Amino acid sequence: MPESGNFQMRRTYNKVGNMIHLRHSYPALVAALVISMLAATVVPQRRESGPAGPRSENQARPGDFNQVLIKGNTAFALELYGKLRRHDGNIFFSPYSISSALSMTCLGARGETAKQMVSVLRLPADPGDTTRGFGALNKSLNGNGENRAFQLDVANALWGAKGTGFLEAFVKAIREGYGAGLKELDFRNDTEGSRRSINDWVEQATHEKIKDLLPPGSIQGNTGLVLTNAIYFKSAWSLPFDEHSTSQGDFFLPKRQKITAPLMANTGSGLGYWEDADLQALELRYLGDLSMLILLPRQTDGLPLLEKSLTDTRLSDIQSKIYPTRVHVVLPKFKITSSFTLNETLRTLGMELPFTDRADFSGMDGKRDLLISLVAHKAYVDVNEKGTEAAAATAVVGALMSRVSLPPKEFRADHPFLFVITHRPSGTILFMGRLQNPAP
């Protein structure tokens, strides 16, 4: 399945879904853009917190998380964006969703296959650290059962072919690290029933926002395993925009073009801000634990240079320099839906073996008969006066082998910019994107 740059701006669902799907090497599966699958074929065995108030005792602190994992996830997010930015138009994706799906897959990888995945995903060297790290992150993201002023939910599930005999160590690691229980389905004799069962789970987990994730024909008799992940985020701004202050204004596009777009306006104290000769950075807080960092080039055509120079080290440096001040903000309302496959992107990052018949995922079922046939991702974001609603979906398909009194700072986002939505307690990037054109 070729790499796709199908970036469209339209209303869609509000969740993230990750899937890993194993199957035999018969004719290639046609997979939904919101999923990523694993395919398999039988082959001969080879040798070989916010301004609302102080942090409570129950809230997580940076030290509660595996910093190697957090820094690795950030590095992977920026490296992946470095590849995806080559697509035209708006971009939005969930690095956390993609990392989650592939790290679950990595738990079953062995040998050089595991080394390549650990290297590209920037995971801790010890698989146990990865499992415990994601476990702690998922618990914090889900709120540890506490009532919160925002919605952020992460869910996972493991769907295995009836009678396959997955290794208990693999199933246990998935369960303990990702909360994904194993559900057996009769893929061979009831492909449509199996597909409906998975789609029903996804629909429920995404508050009925994602329907028919797996299209007809995506589950076949040779399907061996499907791993699903769902993440949903919805929150109000800590300082909402007044809808009556939104007005039509110019938004400048690349190549000296411009359009008319709805521009929100607000002035607030205590907003996170930093600037230099080439860049303005603004941090807008949501109620609770998340924030959006907007990176706005001074020049209307300065986005490509910013993208080229943005690394995890530079991002961290910008975040460390942000200070509270009074800012007048102008920001467009926008919605983005992005979808693409990641096979070739991951290959160019160095994850080659997992997509070939030399892959070793024997940690899943004890056999070297699995490979990744497809990694696909879809994400959605809606930014308006009240707040933000965001979602993303990833699937890995596997087959059996084969605040001041001075005038406020002016932050006028009327030309292309980058934005990052971060879980503040851990520093984890949940979503990341580029707005080139806010027109629907």
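The values are calculated or read from the model by the stated rules, or taken from the named source; none is laboratory data. Source: prediction; values computed, not measured. With ideal geometry, Cβ positions are generated from the backbone for all residues, glycine too; neighbour counts draw on all protein chains shown.
Just a few scattered comments:
- Complete set of residues in segment 236-269 that are outside any strand (DSSP E or B) and within 22 Å of Glu283 (Cα to Cα): Ser238, Leu239, Pro240, Phe241, Asp242, Glu243, Ser245, Thr246
- For segment 160-194, a residue qualifies if it is in contact with a helix residue (DSSP H, G or I) (Cβ under 7 Å, 6 or more places away or on another chain) and more than 18 Å from Asp369 (Cβ to Cβ), and the qualifying residues are Ala173, Ile174, Glu176, Gly177, Tyr178, Gly179, Ala180, Gly181, Leu182, Leu185, Asp186.
- In this structure, Thr131 does not satisfy being in contact with a Pro (Cβ under 8 Å, 6 or more places away or on another chain), crowded, with 18+ Cβ neighbours inside 10 Å and part of a helix (DSSP H, G or I).
- Residue within segment 146-165 that is among the polar types (S, T, N, Q) and assigned to a strand (DSSP E or B) present: yes
- Pair list, Cβ < 6 Å and 6+ apart or interchain, from segment 221-240 residues that are at negative phi and modelled with pLDDT under 75 to residues that are assigned to a loop (DSSP other than H, G, I, E, B) and crowded, with 24+ Cβ neighbours inside 10 Å: Thr223/Phe187
- Of all the criteria given as (1) assigned by TED's automatic domain parsing to the domain that holds Ile91; (2) modelled with pLDDT of 95 or more, the one not satisfied by Leu293 is (1).
- With respect to the stated conditions, Gly217 is in contact with a Lys or Arg (Cβ under 9 Å, 6 or more places away or on another chain), in a loop (DSSP other than H, G, I, E, B) and either among the small types (Gly, Ala, Ser) or farther than 27 Å from Ser94 by Cβ (or both).
- Hits in segment 167-185 (condition: part of a loop (DSSP other than H, G, I, E, B) and either aliphatic (A, V, I, L, M) or surrounded by 21 or more Cβ atoms within 10 Å (Cβ to Cβ) (or both)): Leu167, Ala180
- Total residues in segment 143-152 satisfying the condition of being surrounded by fewer than 18 Cβ atoms within 10 Å (Cβ to Cβ) and either at negative phi or in contact with a Lys or Arg (Cβ under 7 Å, 6 or more places away or on another chain) (or both): the figure is 6.
- Residue check, Ser309 closer than 22 Å to Leu84 by Cβ and among the hydroxyl-bearing types (Ser, Thr, Tyr): yes
- Counting only helices (runs of 4 or more DSSP H) that sit wholly inside segment 300-416, those with at least 1 residues that are assigned by TED's automatic domain parsing to the domain that holds Gly272 and at pLDDT 95 or above are 303-309, 312-321.
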